[in-house]
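Encoded as structure tokens, the structure appears first; notes follow it.
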């Protein structure tokens with residue numbers, strides 16, 4: 001019988017990507033995904049999974065509040081929490097609640113790898129993805145902002161890849177790096193991000209050479225304008241400042257970026273799933289632009 005998972009995370013790319021990737025494995029079955037604790041509670045009353053993968057900070061109730069509510073309702077299940085911040089009282093509370101694992105989002109890579117090993121015993125795919133770097137006038141950007149940009153994305157990828165590689169090698173797994181089109185077509189307001197994205201692609205290409213020897217597939221993806229919370233925030237700000245409706249604002253930005261349409265998280269999730277599947281295994285050392293035609297260079 002496959003391991004039945006319910007995944008709860010308010011980050012749509014993470015949620016969709018995990019769902020797509022687990023569904024291709026015969027020993028896992030994603031029975032549901034949710035983006036907030038309230039919906040998750042209703043879902044878990046119905047699904048009763050073997051493992052709950054739970055983001056701790058979400059809209060509505062927190063992860064711990066959801067764990068408590070499930071326990072009170074007799075619906076407790078093995079749970080792994082992922083969080084960016086937690087205090088001592090919350091740690092103690094999580095332990096008393098029987099939470100099986102707690103991983104800090106900014107913790108050392110080996111912590112995450114150990115959690116995967118402990119809960120699942122294997123690692124078939126690693127998707128290196130991180131947040132946004134600081135934009136702005138090059139002459140006003142500080143050394144600290146440059147260092148933070150590389151620490152957030154590039155060095156995090158390097159450290160996590162180093163720690164996870166033995167697990168990927170053991171399973172002949174797949175490594176996918178999420179970079180960005182800014183690394184291929186740099187622009188002045190995005191000096192940090194463009195530099196970081198280009199470095200991530202170069203690192204991925206170098207690891208692909210090692211992967212040929214170790215049996216690990218390595219590729220990278222350059223996403224364009226994907227409909228995430230950050231893009232929606234930009235839409236809303238423009239709607240509020242101009243009084244125009246959503247359709248008009250979206251079309252203005254589409255024309256400005258010169259793209260066929262905005263990307264969806266499902267586009268990225270499906271591409272990642274294909275790359276790591278048996279159908280995509282011959283792709284190795286490749287960098288794929290998925291951007292609706294925004295990049296003009298060859």
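The values are calculated or read from the model by the stated rules, or taken from the named source; none is laboratory data. What you see is a predicted model, and the numbers here were worked out from it, not measured in a lab. Glycine also receives a Cβ, built like all others from the backbone with ideal geometry; neighbour counts cover every protein chain displayed.
Residues in segment 171-195 that are in contact with a strand residue (DSSP E or B) (Cβ under 9 Å, 6 or more places away or on another chain), over 20 Å from residue 276 (Cβ atoms) and in contact (Cβ under 8 Å) with a residue 60 or more places away in the chain: 2 in all.
Do we have any residue at all in segment 256-270 that's outside any loop (DSSP other than H, G, I, E, B), over 20 Å from residue 13 (Cα atoms) and modelled with pLDDT of 90 or more? Yes, some residue in segment 256-270 is outside any loop (DSSP other than H, G, I, E, B), over 20 Å from residue 13 (Cα atoms) and modelled with pLDDT of 90 or more. For residue 49, the criteria (1) closer than 25 Å to residue 2 by Cβ; (2) outside any loop (DSSP other than H, G, I, E, B); (3) in contact (Cβ under 8 Å) with a residue 24 or more places away in the chain; (4) over 21 Å from the mean Cα position of the chain (by Cα) hold in every case but one, which is (2). Could you please let me know if residue 198 is under 24 Å from residue 274 (Cα atoms) and either surrounded by 19 or more Cβ atoms within 10 Å (Cβ to Cβ) or in the same structural domain as residue 284 (by TED's automatic domain parsing) (or both)? So residue 198 passes the test. Against the conditions (1) farther than 18 Å from residue 275 by Cβ; (2) modelled with pLDDT under 95; (3) assigned to a helix (DSSP H, G or I); (4) assigned by TED's automatic domain parsing to the domain that holds residue 149, residue 168 satisfies every one except (1).
The selection criterion, being closer than 30 Å to residue 194 by Cβ, modelled with pLDDT under 80 and in the same structural domain as residue 199 (by TED's automatic domain parsing), holds for residue 131. For segment 201-250, a residue qualifies if it is part of a helix (DSSP H, G or I) and closer than 20 Å to residue 154 by Cβ, and the qualifying residues are 201, 202, 203, 204, 205, 206, 207, 208, 209, 210, 211, 230. Of the residues making up segment 52-93, those that are part of a helix (DSSP H, G or I) and touching a residue at least 12 places away in the same chain (Cβ under 8 Å) are 63, 64, 65, 66, 67, 68, 69, 70, 71, 90, 93.
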